[in-house]
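Below is one structure, written out as structure tokens, with a few remarks after it.
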Amino acid sequence: MAKGSRAADPKKLVALQTGERGEASALRWAQEQGWRLYGQRLRVAGTEVDLALLRSIGDNDLELLLLEIKTSSGKPVDHARRWSRAQQARLWQAAEVLVDQCRASRVQVGLVLVTLDAAGDHLQWLRAEMY
């Protein structure tokens, strides 16, 4: 092995692939609901936004949706209990920045729980409390 190079940790690679598959599944679902991608894994207001999406509402208005994606493989995990008020508040802070950038008139923040198994991807969407 060359000096300074590191062997990839197989567990981290699996976790990364699982997370990417969950984000891709959530993005497909959102696009089927009429949303279009504004940004993915954005750093805004000191936090990472997994997915930022836009959709048209009315004639000239836009709605912004920020999503945190939590993915598990196999048995469902209750990520909603681990999505703290502080994490939700940080996403709302990011929403305040992005809503001005994209000139949206409405905004939503949510958590998508993705469970991956042999039968397919299962998604559950939860709205964040507004702060």
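With the condition kept exactly as written, say whether any residue in the stretch 115-126 is assigned to a strand (DSSP E or B), among the charged types (D, E, K, R) and touching a helix residue (DSSP H, G or I) at 6+ places or on another chain (Cβ under 6 Å). Looking for residues that are assigned to a strand (DSSP E or B), among the charged types (D, E, K, R) and touching a helix residue (DSSP H, G or I) at 6+ places or on another chain (Cβ under 6 Å), one finds at least one in the stretch 115-126, hence yes.
Screening A118 on (1) of a type in the set (G, A, S); (2) more than 16 Å from V49 (Cα to Cα); (3) in contact with a strand residue (DSSP E or B) (Cβ under 6 Å, 6 or more places away or on another chain) shows it passes everything except condition (3). In a strand (DSSP E or B), surrounded by 15 or more Cβ atoms within 10 Å (Cβ to Cβ), in contact with a strand residue (DSSP E or B) (Cβ under 7 Å, 6 or more places away or on another chain) and not aromatic (F, W, Y): is that true of V99 in this structure? So V99 does not fit the description; no. In the stretch 59-76, the residue that is modelled with the highest pLDDT out of those that are in a loop (DSSP other than H, G, I, E, B) and within 26 Å of V97 (Cβ to Cβ) is N60.
The values are calculated or read from the model by the stated rules, or taken from the named source; none is laboratory data. Note that the structure is a prediction, hence the values are computed from the model and not measured. So basically every Cβ, Gly included, is an ideal-geometry build from the backbone, and we count neighbours across all protein chains shown.
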